[in-house]
Every structure is written in structure tokens, then in C-alpha cells.
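Got a structure for you, questions after.
The values are calculated or read from the model by the stated rules, or taken from the named source; none is laboratory data. The shown structure was predicted, so the numbers you read here are calculated from the model rather than taken from an experiment. Ideal geometry is used to build each Cβ from the backbone, glycine not excepted, and the neighbour counts take in all protein chains shown. Just the protein is used for accessible areas: all its heavy atoms, side chains included, with ligands, DNA and RNA removed. Shrake-Rupley method; radii C 1.70, N 1.55, O 1.52, S 1.80 Å.
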Amino acid sequence: MLFRILFIVLLATSLFSTSCNGKKKIGKPIKHGHNAPKNGHVKKRTQAIIDIQSFGAKGDGLSDDTEAFIKAWKKTCKTENGVLLIPRHKIYYIGPIKFHGPCKKGLRMMINGELRASKDISDYKEDKRHWLLFQNMENFIVEGVGSIDGNGQVWWKSSCKVDKTIPCNTQTLTVPTAMSFYNCTNLKVRNLEFKNPQKMHLTITKSELVEVSRLKITAPSDSPNTDGIHVSGTKDIDIHHSYIETGDDCISIVNGSTNVRARYIHCGPGHGISIGSLGKNKEEDVVSNIYVHDATLRGTTNGLRIKSWQGGRGYAKDILFQNIQMVNVTNPIIIDQFYCDQDKPCKEQVEFVTQ
């Protein structure tokens with residue numbers, strides 16, 4: 001079953017308002033970085049290479065290299081035009097790490113080897129929500145030819161979505177995201193492989209001027225809550241030329257996100273490309289100016305989806321889906337105003353709005 005879709009959505013879900021005034025230009029190009037000098041000459045920067053192995057990292061896949069990464073980051077963060085190098089043909093076994101900024105300008109992390117997450121759940125007791133967290137960074141690049149392996153199998157087996165003997169409304173296990181970026185400006189993440197995350201592969205939160213490109217993201221189709229790229233509270237983000245197969249949404253866009261562009265995406269298996277969920281617990285959520293185009297969805301449960309909970313407020317507006325190819329997609333287009341992600345049916349809610 002093959003679809004070619006040109007689909008413009010200017011709408012709201014739940015008690016979300018609709019905007020159709022045409023004043024907003026959907027899909028406005030997103031500019032990243034600083035403008036080049038008018039004379040065309042760019043001054044070359046001298047890079048300071050900082051090798052993770054100089055700080056005691058073994059890279060044998062067995063030794064705990066967490067402390068080496070922490071020490072190397074502190075050095076790199078204080079170095080102008082510093083490049084933290086993770087060499088190839090090595091496996092670095094590490095626990096949760098917070099890569100704090102702000103740092104000196106021109107910082108890069110070059111991941112050429114493999115980062116593999118600790119399987120010991122007790123290692124995550126100080127921060128149960130993150131494995132690799134980057135925060136308060138500006139003009140920062142994370143790239144390479146390496147991979148990020150979340151060792152998610154140890155977490156998945158304890159999920160109520162896998163173990164049906166566990167009621168989801170009583171589950172207390174908090175599961176970390178593989179790689180997270182929080183409060184970053186002018187950020188680039190590119191050319192990396194993400195696989196088997198504990199929960200989501202990659203999250204971008206409360207950031208702006210972001211480019212995510214040429215990623216390969218993979219997890220089994222039955223792995224729980226393993227969204228590929230999750231965007232929250234972020235402005236001006238361009239996601240492109242990426243391959244995503246996972247157990248949940250390939251791309252999810254939630255509250256506070258605006259000027260989001262996703263293009264040349266291969267999605268499948270997975271749950272498709274989603275806006276939401278929005279308005280849970282009667283919250284006010286807003287999403288606007290979303291442009292998804294030239295994407296292929298193959299073998300997904302859903303195609304293009306907008307989902308909101310009953311009783312929520314806010315809006316989802318200025319949304320354009322264009323040139324989307326779908327092959328063997330169960331539900332090509334879904335606009336769900338009664339989203340309910342729990343075992344028992346959600347209680348019907350009625351919201352009265354007075355003027």
C-alpha cells in the first residue's frame with residue numbers, strides 16, 4: 001500500500017484553538033551558526049585535540065571509563081577550540097555523566113569509538129532520567145563515525161509494556177534517556193549511530209538553533225518508549241537525512257516547540273512521526289510552525305499523528321506535512337483528541353470555557 005500525501009494541517013486538538021489566518025509562513029528556512037565574513041575569507045582555527053585515553057580510558061568494553069570522561073571533559077571545556085576525541089575501534093563502558101557548560105568557544109566532541117552504557121541500574125541512582133546529559137552549551141558540535149549503545153535490554157525487560165504482569169499504573173521504575181541536550185544554543189549533532197537506548201535515543205529540550213543530521217537510530221520494534229528524536233520546548237531545529245527504526249515514535253514533537261523542520265527521514269519500523277501528546281493532566285501546551293517533508297515511512301503502526309489528551313488547553317497550529325511516502329503503514333493519518341496511554345480507559349472529561 002503506497003501513498004503520496006500533500007497534507008496541510010492548521011488545527012487544534014482537544015480544546016486547542018485553530019489558527020487559519022495565513023500570516024505565519026510554514027517551513028521558513030532555519031539558519032544555523034554565524035554569518036560568514038562579507039569578503040569570503042574565514043579565519044582558520046587551531047584545534048586543541050584532547051584524547052580521552054590520555055586520562056586513563058581503557059576502551060576495552062569491560063573497564064569503567066566514567067572517571068576518565070569526566071576528567072577529560074573538564075579539561076576540554078576550559079580549552080578554546082577544544083576537541084574531545086574518543087578514538088575508533090574502542091568500546092568505552094561508562095555510567096551516567098553530566099557534561100556541564102558553559103565552556104570555551106569552539107568546542108567539539110568527536111565520537112569515533114563506541115560509548116556503551118553501564119548495565120548496573122544502581123549506577124543511575126543519582127540521576128535516573130539521564131545517561132549522557134549535555135547542558136548549557138553554546139556553539140557546540142557532537143559528531144563522529146562512532147556509536148552510542150544504551151544497553152537497553154536490561155531496562156526493557158522491567159517495563160510494563162514488555163512484562164504484562166506489571167500494571168503500568170503502578171510501575172515505579174524511572175528509565176534514563178540515552179543522550180540529552182538541555183538549554184543549548186547553536187548545537188549540531190551529526191553522523192552518529194544510536195542503538196538500543198534505555199528509553200529515548202536523543203532528546204533536545206529548551207534549546208534553539210539546532211541541527212540534527214545524518215543519524216542512524218535503531219532499536220527493536222518491540223522495545224518500549226524508545227523514541228528516536230524527541231523535541232521539547234525548542235525553537236528553530238532542523239532534523240534531516242536520518243534513518244530511524246525503533247519501538248516508538250521516530251520523531252516526537254511536544255509542548256513549547258516552534259519552527260521545527262524534519263526532512264529526508266526514513267522511519268520504520270516504529271510509531272511514525274508524532275506531534276504530542278499534548279494537554280495531559282489538563283495542562284496548557286502549545287506547538288507551532290512544524291514542517292515535515294520528503295520523508296518515507298515503511299512498516300510503521302502510524303504515519304503522521306497529532307495526539308492530545310482530553311481536557312487539555314493550548315494549540316497546535318501552522319503544521320505542514322508534504323511529500324510523504326508511506327508503505328505498509330497501518331494508520332496513515334491520525335488526529336486523536338482522546339489520546340489515552342494506559343491500561344484502563346481514561347475517564348471522560350468535559351471542559352467548560354466561559355467568555
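Can you list residues whose amide H is under 5 Å from Gly59's amide H, if they're 5+ apart or on another chain and H is modeled 1.01 Å from N?
Long-range HN contacts for Gly59: Tyr93.
Next up: Can you grab the distance from the C-alpha centre of the stretch 233-279 to the C-alpha centre of the stretch 177-216, Å, no decimals?
Spelled out, the Cα-based centre of one part sits 11 Å from the other.
Trypsin sites (Lys or Arg not before Pro) within the stretch 154-259: which are DSSP loop residues with at most 10 other Cβ atoms inside 10 Å? If you can, show how the numbers build up before the last one.
Details: sites: Lys157, Lys161, Lys164, Lys188, Arg190, Lys195, Lys199, Lys206, Arg214, Lys216, Lys235; in loops: Lys157, Lys161, Lys164, Lys199, Lys206, Arg214.
For trypsin sites (Lys or Arg not before Pro) across the stretch 154-259 that sit outside H, G, I, E and B with at most 10 neighbouring Cβ atoms in 10 Å, the list reads Lys157, Lys164.
Got a sec? Which residues in the stretch 169-212 would a label at Asp64 touch, if it sits 7 Å along Cα→Cβ and we count backbone N under 19 Å?
It comes to 176, nothing else.
Which value, in Å² and to the nearest 10, is the accessible area of Cys103 when all protein chains are kept and the probe is 1.4 Å?
It works out to around 40 Å².
If I model the stretch 59-122 as equal point scatterers sitting on the Cα atoms and use the Debye formula, what is log10 I(q)/I(0) at q = 0.13 Å⁻¹?
Log10 I(q)/I(0), no solvent term: -0.36.
Which three extents, in whole angstrom, do the alpha-carbon atoms of the stretch 168-284 cover along their principal axes, largest first?
Cα spread of the stretch 168-284 along its principal axes, largest to smallest: 40, 33, 21 Å.
Set the bar at 24 Å for Cα to Cα. Now go through Lys78/Lys98; Lys235/Lys280; Lys74/Lys105; Lys188/Lys280 and name every pair that lies beyond it.
Result: Lys188/Lys280 exceed 24 Å.
Let me ask another. On a full-extension model of 0.36 nm per residue, what is the gain between Asn281 and Ile334, subtracting their alpha-carbon distance, rounded to one decimal in nm? If you can, show how the numbers build up before the last one.
Values: separation 53, 0.36 × 53 = 19.08 nm, distance 2.14 nm.
So the chain would gain 16.9 nm between Asn281 and Ile334.
Still on this structure, please answer the following. So which GluC sites (Glu not before Pro) in the stretch 264-355 pass both tests, a DSSP loop state and at most 15 other Cβ atoms within 10 Å of the Cβ?
Numbers: sites: Glu283, Glu284, Glu348, Glu351; in loops: Glu283, Glu348, Glu351.
Those that pass, being in a loop and sparsely packed, are Glu283, Glu348, Glu351.
Let me ask something else. With a point put 7 Å past each Cα toward its Cβ, work out how far Asp163 is from Asp51 in nm, to one decimal.
Using points 7 Å along Cα→Cβ, the separation is 4.4 nm.
In Å³ and rounded to a whole number, note down the convex hull volume per residue for the Cα atoms of the stretch 91-165. Kindly include the intermediate steps, with their values, before the conclusion.
On the way: hull volume 8.4 nm³, N = 75.
Convex hull of Cα atoms, per residue: 112 Å³.
By its C-alpha gyration tensor, with a ≥ b ≥ c as the square roots of the eigenvalues, how is the stretch 252-301 shaped: rounded for a/c under 1.5, else prolate for a/b larger than b/c, else oblate? Write down the numbers at each step before the final one.
Details: a/c = 4.64, a/b = 1.57, b/c = 2.95.
In terms of gyration-tensor shape, oblate.
To continue, here is another question. Just the number please: accessible area per residue for the stretch 190-280, 1.4 Å probe, all protein chains included, in Å².
Working: 2510 Å² over 91 residues.
Normalised by residue count, the accessible surface of the stretch 190-280 is 28 Å².
Something else now. Restrict the search to the stretch 49-117; then list the GluC sites (Glu not before Pro) that DSSP places in a loop and that have at most 15 other Cβ atoms within 10 Å of their Cβ. Mind showing how you got there, number by number?
On the way: sites: Glu67, Glu80, Glu114; in loops: Glu80.
Answer by residue number: Glu80.
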